[in-house]
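See structure below.
The values are calculated or read from the model by the stated rules, or taken from the named source; none is laboratory data. Keep in mind that this is a model prediction, so the values were computed, not measured. Cβ placement follows ideal geometry from the backbone for every residue including glycine, while neighbour counts extend to all protein chains displayed. Accessible surface areas use protein heavy atoms only, side chains included; no ligands, DNA or RNA. Shrake-Rupley method; radii C 1.70, N 1.55, O 1.52, S 1.80 Å.
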Amino acid sequence: MREAGAWLRRRAENVAAAMLAVMFAAFVIQIVFRYFFNFPIGWAAELSVVMWLWLVLWGAAFVLRHDEEIRFDLLSAAAGRRARVIMGIISGLALVVLYGASLPATYSYVTFMKVESASYLKIRMDWLFSIYVIFLVAILARYLWRLAHLVRGREPEEADPTQASSGL
C-alpha cells in the first residue's frame, strides 16, 4: 500500500511539473509575441493564470506533504506531547468542519459556472474551477486521516528547528 501511495505521489509531482512547463512556455510565448512581434496575445496570459491556479491547488492537494506545509508552530513547539495531540485534534476538527461546511456551496458555485467560459481559451469555467473542489476533497481526506491517527494517540511530529529549511 505504501509503494502504491509513493507511486501516486510521484505521478502527482509529474503532473505538477508538466503544468509548470506549460505555464513557463506560455509565459515565454507571451513575451516573444508582445516584445519582438509587437503582437500581444491574450491566450498565453490566460493559460499562465489557469496553470498557476491548477498548479497551486494540485500541489497543495497531492504533492505537498504535511511536514512541508506552512504553519505557525510557536505554541505547539513549546507544548508537551499531550498538548500537541489536543492542539492537532482541535485544529484538524476546525479544518474538517470549515472545509466540509463550504463543500456543498463550493460545488454548487463551480457547477453553476458552466454558463461562463474563459475569454481566450473558451474553456468552461466549471472545468477551470473544478480543481478547487478536488482540492477540498483531498484536504478533507488528508485531515480526516490525520484526525484518526491523533485520536488513536499517535503523536504529531515534534518541531525540529534544526531541520527548518527554505527549500533551497
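Couple of notes before you dig in:
- Cβ-Cβ distances below 7 Å connect the following pairs, each with a first residue in segment 41-65 that is within 24 Å of ARG11 (Cβ to Cβ), a second residue that is of a type in the set (Asp, Glu), and a separation of six or more residues or different chains: VAL63/GLU13.
- With respect to the conditions (1) open to solvent by 40 Å² or more (accessible area, probe 1.4 Å); (2) over 21 Å from ALA60 (Cα atoms); (3) assigned to a helix (DSSP H, G or I), TYR107 lacks only one, and its number is (2).
- Scan of segment 1-42 for residues that are under 16 Å from LEU55 (Cα atoms) and acidic (Asp, Glu), ordered by number: GLU13
- Close pairs (8 angstrom Cβ cut-off, 6 or more residues apart or separate chains): in a loop (DSSP other than H, G, I, E, B) in segment 69-98, not aromatic (Phe, Trp, Tyr) anywhere: ASP73/ALA159; ALA79/MET87
- Answer residue from segment 61-84, given it is touching a helix residue (DSSP H, G or I) at 6+ places or on another chain (Cβ under 8 Å) and over 19 Å from ALA141 (Cα atoms) and is most open to solvent (accessible area, probe 1.4 Å) among those: LEU75
- Looking across segment 1-12, the residues that are open to solvent by 60 Å² or more (accessible area, probe 1.4 Å) and either modelled with pLDDT of 95 or more or basic (Lys, Arg) (or both) come down to ARG2, ARG10, ARG11.
- You will find that of ALA61, ALA25, the residue that is assigned to a helix (DSSP H, G or I) and either touching a strand residue (DSSP E or B) at 6+ places or on another chain (Cβ under 7 Å) or over 19 Å from LEU147 (Cβ atoms) (or both) is ALA25 and no other.
- Those residues of segment 24-46 which are under 24 Å from SER130 (Cβ atoms) and open to solvent by less than 40 Å² (accessible area, probe 1.4 Å), in sequence order: ALA26, GLY42, ALA44, ALA45, GLU46
- Checking the stated criteria, ALA83 turns out to be of a type in the set (Gly, Ala, Ser), over 18 Å from the mean Cα position of the chain (by Cα) and either over 22 Å from VAL56 (Cα atoms) or modelled with pLDDT under 95 (or both).
- Within segment 110-120, tally of residues that are surrounded by 14 or more Cβ atoms within 10 Å (Cβ to Cβ) and either modelled with pLDDT of 95 or more or among the aliphatic types (A, V, I, L, M) (or both): 3
- Residue within segment 31-40 that is farther than 30 Å from TRP127 by Cβ, assigned to a helix (DSSP H, G or I) and of a type in the set (Lys, Arg) present: no
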